[in-house]
Amino acid sequence: MNQPTHIRDEPQLYAAVRRLDHIMTRITDIFAFAGMTALIGAIAVVVADIVWRRIGGQSFIGAVDLTQFCVMAAASWAIPHAFSTGAHVTVDLFGKRIFRRFFYIIDALIPLTGAALMAFLFYLSWGRAMEQLAYGDVSQNLAIPMILFWVFLLSGLALSTLVCFVKFLKFVFTGETI
Amino acid sequence: AEITLKISHYLPPSHGFQKDFLEPWAKQLEEKTHGKVEVKIYDATSAFGKIDRQADQVRAGVIDMAVGLNGIPRDRYPAASIIEMPFLVKYADSGSETLWNLYKEGMLGSDYKDFKVLALFTHEGGLIHTLDKPVRSLEDLKGLRLRTPSPAVSAMLESYGASPVGLPPSAIYENLQKGNIDGLVTTWDLVNAVKANELLKYHTDAGAYVAGFYFLMNQKKFDSLPEDVRKAIDEISGDPLVAKFGGWWDKWEAAGKADAVKHGNEIIKIDDKTRAEWKDAVQPMIKEYLEGLKAKGVKDPEAIYQRAQELVTQFDTKYHAGDK
Amino acid sequence: MATEWAGLIGFVVALGLALLRVPVAVAMALVGIGGTLMLMDWSSASYVMASLPFEAIFPYGLSVVPLFIFMGVFASHSGLSGNLFRGITAFAGHRRGGLAASSVGASAIFGAICGSSLATCATMGRVALPEMQSRGYAKSLAGASIAAGGTLGVLIPPSILLVIYALMTEQSIGALFAGAMIPGVLATVLYIISIRLQVMRKPELAPVSDYTPWSQRWGALLRMWDAIVLILLVIGGIYAGLFSPTEAAAVGAGGALLFAFIRKKLTWTVLRSGIRETAGMTGMIFLILIGASLFNFFIETSGLTQTLVNWITSQGFSPLAVLISLLVFYVVLGCFMDSLSMILLTVVPAYSVITGVGYDPVWFGVVLVSVVEIGLITPPIGMNLFIIQGVAPDMNIATLSRGILPFLAADFIRVVLMIAIPGLIMWLPQMLGLGGY
Ligand code: NA
Ligand code: NA
């Protein structure tokens with residue numbers, strides 16, 4: 001996938017877009033690693049709860065809240081990573097050989113649509129998150145502020161919007177997908 | 001009809017909330033306004049059936065009225081949560097009247113501000129349901145793993161040496177069956193809904209706690225209605241409505257209790273003397289809980305608890321003097 | 001226009017967008033948002049939709065999804081799959097077609113650790129394909145047996161598709177896992193029979209390998225210990241009632257990481273690529289869940305599901321006819337789509353229709369997952385076939401498609417058996433007393 005089909009006359013712009021794309025990939029990578037570290041944290045919490053219960057005969061009331069907290073981070077920060085590496089499932093019925101012009105337009109529209117969608121979801125979620133912040137809602141057992149759960153989702157959606165938009169720029173300037 | 005009002009709640013359409021409470025209430029309103037008002041009810045299966053969002057969607061004006069649980073999301077109505085203190089309320093009628101009177105007397109502070117409050121109510125005193133370890137005395141609770149409905153009940157169980165476990169209703173059956181939990185603290189209504197009577201053997205009826213519920217309306221929407229409609233709503237809400245919950249809960253609870261009897265389970269009745277002992281044992285926890293409410297903006301929690309106890313005694317005498 | 005028609009058109013549009021290579025999650029979300037805005041006023045629609053993405057990924061039950069992915073990824077990096085394949089080969093490799101049968105057997109056992117078909121297929125492809133090619137196996141048989149074996153990754157529990165079906169239809173994960181156990185074993189046996197019949201007809205497909213002496217067999221068997229421990233912990237733990245699915249998944253994930261470390265396979269590079277792989281699959285699945293929640297909200301609001309159920313029951317079709325039409329629809333759709341998207345796109349109406357005509361929800365869940373998994377090995381779009389191509393670029397789709405036909409026949413026989421004998425699915429969950437509310 002690394003053959004630019006038509007390099008434009010603006011090598012500087014071309015390089016800048018590529019660098020931007022590279023930076024976005026790095027950022028999503030860092031977030032994905034942070035999220036997966038949280039997932040390992042969730043594993044530790046659940047295992048500790050089991051051991052504590054079987055051996056100590058006690059229960060660890062906050063285990064569910066903590067697990068949800070970690071998984072929320074893992075899932076939210078994995079989404080931009082999946083956009084950035086093209087891991088999202090697509091159906092490739094026609095292959096790339098036929099309807100080239102048509103699919104060129106589609107290929108440009110897909111990341112742009114993705115960016116618009118993620119931005120819209122961010123806008124919707126933002127409103128709801130602010131409502132929860134205003135009420136000071138907290139999780140059922142450990143009373144973790146719900147806004148923290150929302151921060152994971154909001155940052156994941158914002159990052160996904162940026163990733164998709166940079167993919168769109170990259171496609172327009174370099175003709176490269178993913 | 002020229003006006004459509006939307007009511008939502010979080011229970012399935014077959015539940016008593018819809019069949020006995022909301023549908024007849026809606027019909028009454030339609031009749032009183034001579035068809036000027038039409039009411040649409042949204043149950044748990046609809047887009048507006050999420051338990052944690054009933055009050056929020058009324059405030060946002062997406063829904064006009066809603067019935068919900070005070071405790072979810074937690075800490076929204078800290079003053080009203082005092083009604084959920086262990087061994088305070090035994091009967092749904094006294095509990096509902098008490099909560100409603102606390103509100104009318106202005107004791108609940110800013111809990112329901114910005115809402116038109118149509119009714120506040122509680123359920124019937126919850127029970128301790130267990131698999132094969134009967135709970136006849138406080139000592140029996142030690143070391144039991146019990147599913148808990150609320151932070152207040154969790155604190156109570158911990159103070160007795162039991163381990164509270166938080167589980168969604170859908171996970172109760174499987175966890176009982178595997179013996180992951182020894183039992184649960186809840187109403188007959190929920191035990192019946194999750195078909196747990198076939199696993200449980202003992203039910204300790206101690207009037208251990210109640211949960212509070214609200215029936216709220218969007219204040220702006222109410223103010224925007226024509227005068228005759230507002231009058232009609234007022235006539236069928238508040239006092240006359242709150243008075244009906246005792247009878248309704250008797251009916252809703254009876255089904256679950258009958259099912260337990262059918263399964264040959266033992267129902268352990270705790271006498272008032274023992275109940276008072278249990279209540280004494282939990283006083284330090286109650287004190288701590290009330291103290292904690294101050295940080296959540298409740299000015300004088302002790303006074304509310306005091307008044308609640310007076311009201312409960314008053315209504316218990318009124319409704320249940322001849323029970324024993 | 002009746003709102004049901006809007007629902008139906010929305011369904012077709014989502015399918016169309018997906019076929020134009022729009023990521024399935026994006027296609028579902030776009031149609032869901034657009035359709036909801038058509039059916040409801042802005043303030044209600046935006047208020048309800050504002051919570052959907054959060055609620056799509058928040059439920060505690062969903063935590064098993066990234067945990068099972070994590071376990072599968074690290075199990076495949078720990079060298080455990082290679083030991084599985086060699087362990088079984090030591091016993092069966094000397095028979096004609098034995099390496100192909102061993103790869104199916106190893107896929108089945110690996111499937112009891114890994115929750116995803118693609119990961120199972122890729123892992124066994126890396127391990128078993130080079131071995132079969134070096135022993136002169138026909139490309140069609142070698143590639144097809146791994147592609148087909150890969151589908152066991154989802155059928156044999158743990159299974160991410162069954163988890164998602166369970167969460168969407170509020171069924172018990174434990175009951176669905178138990179229900180899929182016997183069909184999973186049946187699938188393995190039928191694949192192996194299919195390989196036997198192929199090599200009996202055309203012995204040139206698979207040359208005979210050397211006999212492994214018993215002294216070496218025991219050693220090969222012993223090296224499978226970590227796989228056995230993981231399976232006992234995860235699946236045994238769930239069935240014995242020791243663990244809830246989330247606990248089992250966390251124990252399995254921690255175990256896979258620990259075993260990779262013990263075997264000294266947990267280098268920095270492996271950790272990094274394993275984490276990337278887990279993040280990629282997790283992000284993909286959770287975005288599809290978000291898209292599906294928006295899409296399904298629209299479909300439910302349109303009333304399409306209820307109308308469809310009412311129409312089908314009023315027409316008096318026999319339940320079997322309804323079931324078979326639906327399954328044929330899934331097989332056709334499966335030629336073009338991946339199994340997770342298919343389930344999330346259709347399960348809301350399909351579940352209502354099927355339980356409406358009287359089928360058991362747990363039974364249907366297992367049949368549904370079996371049938372959508374067939375889509376992974378049907379051309380032109382069969383993800384497992386693509387994965388084999390990725391591992392062995394010299395295999396073309398035409399060769400693989402020819403090789404896969406006998407395995408499709410085995411799948412067909414299995415689905416017929418599951419429909420004819422519901423006990424194949426229902427017996428184990430009932431024995432274990434799973435299900436209920
Ligand atoms: Na599996
Ligand atoms: Na296919």
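Every number in this text was worked out from the coordinates using simple rules, so none of it is lab data. Bear in mind the structure is a predicted one, so any value in this text is a computation, not a measurement. Using ideal geometry, Cβ is built from the backbone for each residue, glycine included, and neighbour counts are taken over all protein chains shown.
Brief remarks on what is shown
- Among C:315, C:133, C:306, residue whose mean-square fluctuation peaks in a GNM of chain C (springs only between Cα atoms under 10 Å): C:315
- Taking amide H atoms as placed 1.01 Å from N in the peptide plane, the amide H of residue B:268 lies under 5 Å from those of B:203, B:204, B:205, each 5 or more residues away in sequence or on another chain.
- Once you divide the Cα radius of gyration of the protein assembly as shown by 2.2 N^0.38 Å, the number left is 1.01.
- Per-pair calculated FRET efficiency, R0 = 51 Å: residue A:106 and residue C:221 via Cβ, rounded to 0.05: 0.45
- Just so you know, the Rg over Rh for the stretch C:1-136 is 1.22, from Cα atoms, with Rh as the Kirkwood radius.
- Radius 14 Å from Cβ of residue A:78, net charge of other residues (Lys, Arg +1; Asp, Glu -1): -1
- Of all the options C:224, C:40, C:383, the one that moves most in a Gaussian network model of chain C with Cα springs shorter than 10 angstrom is C:40.
- Estimated inter-spin distance, residue A:44 and residue A:142, nm [label 7 Å along Cα→Cβ]: 1.2 nm
- The distance separating the Cα centre of the stretch B:127-153 from that of the stretch C:174-248 comes to 44 Å.
- Note on residue C:313 and residue C:196: the extension gain reaches 37.7 nm, defined as 0.36 nm multiplied by sequence separation minus the Cα-Cα distance.
- With the charge dipole of chain C set up from +1 on Lys and Arg Cβ and -1 on Asp and Glu Cβ about the Cα centre, the Cα lying farthest toward the positive end among the listed residues C:142, C:359, C:27 is that of C:142.
- Cα gyration tensor category, rounded, prolate or oblate, for the stretch B:267-324 with a/c compared to 1.5: oblate
- Amide hydrogen proximity for residue B:163: with H placed 1.01 Å from N in the peptide plane, the residues at 5 or more positions away or on another chain lying under 5 Å are B:143, B:144, B:145, B:146.
- Reciprocal of mean inverse Cα separation for the stretch C:3-431 (Kirkwood radius, Å): 22.2 Å
- 15 Å reach of a label modelled at residue C:430, 7 Å along Cα-to-Cβ, counting backbone N of the stretch C:324-367: C:359-364
- Karplus (6.51, -1.76, 1.60) ³J(HN,Hα), θ = phi - 60°, over the stretch B:145-162, in Hz, Gly and Pro reported as x: 9, 10, 6, 10, x, 7, x, 5, 5, 4, 4, 4, 4, 4, 5, 8, x, 8
- The charge dipole of the stretch B:1-118, taken about its Cα centre with unit charges on the Cβ atoms of Lys, Arg (+1), Asp and Glu (-1) only, comes to about 160 debye.
- Listed residues B:235, B:38, B:105, most fluctuating in chain B (Gaussian network, C-alpha, under 10 Å): B:105
- Taking other Cβ atoms within 10 Å as a rough exposure proxy, C:121, A:70, C:114, C:335 sort from fewest to most as C:335, A:70, C:121, C:114.
- Amide hydrogen neighbours beyond the local backbone of residue C:171, cut-off 5 Å, H modeled: none
- Evaluating 6.51 cos²θ - 1.76 cosθ + 1.60 at θ = phi - 60° for every residue in the stretch C:52-66, the Karplus couplings come out as 5, x, 4, 5, 5, 10, 7, x, 4, x, 5, 4, 5, 5, x Hz, glycine and proline recorded as x.
- For the stretch C:418-431, Karplus couplings with θ = phi - 60° (6.51, -1.76, 1.60), whole Hz, Gly/Pro x: 5, 6, 6, 10, x, x, 4, 8, 7, 4, 5, x, 5, 4
- Across the stretch C:209-236, the residues whose backbone nitrogen lies under 12 Å from the label position 7 Å along the beta-carbon direction of residue C:94 are C:209-217.
- Net +/- balance of residues flanking residue B:42 in space, Cβ distance below 11 Å, scoring K and R +1, D and E -1: +1
- Cleavage-rule hits, trypsin sites (Lys or Arg not before Pro), the stretch C:244-341, DSSP coil, Cβ neighbours within 10 Å at most 10: C:264
- Lys, Arg +1 and Asp, Glu -1 on Cβ, resulting dipole of the stretch C:3-431 about Cα centre, debye, nearest 20: 1700 debye
- Going from the residue with the fewest nearby Cβ atoms within 10 Å to the one with the most, A:28, B:4 rank B:4, A:28.
- Chain C: angle of helix C:3-19 to the longest principal axis, Cα-based, in degrees nearest 10: 30 degrees
- For residue C:272, net neighbour charge (Lys/Arg +1, Asp/Glu -1) across residues whose Cβ lies under 14 Å away: +1
- Helix B:301-320 axis, angle to chain B major axis (alpha carbon atoms, nearest 10°): 90 degrees
- Between 0 and 90°, nearest 10: helix C:245-262 axis offset from chain C longest Cα axis: 30 degrees
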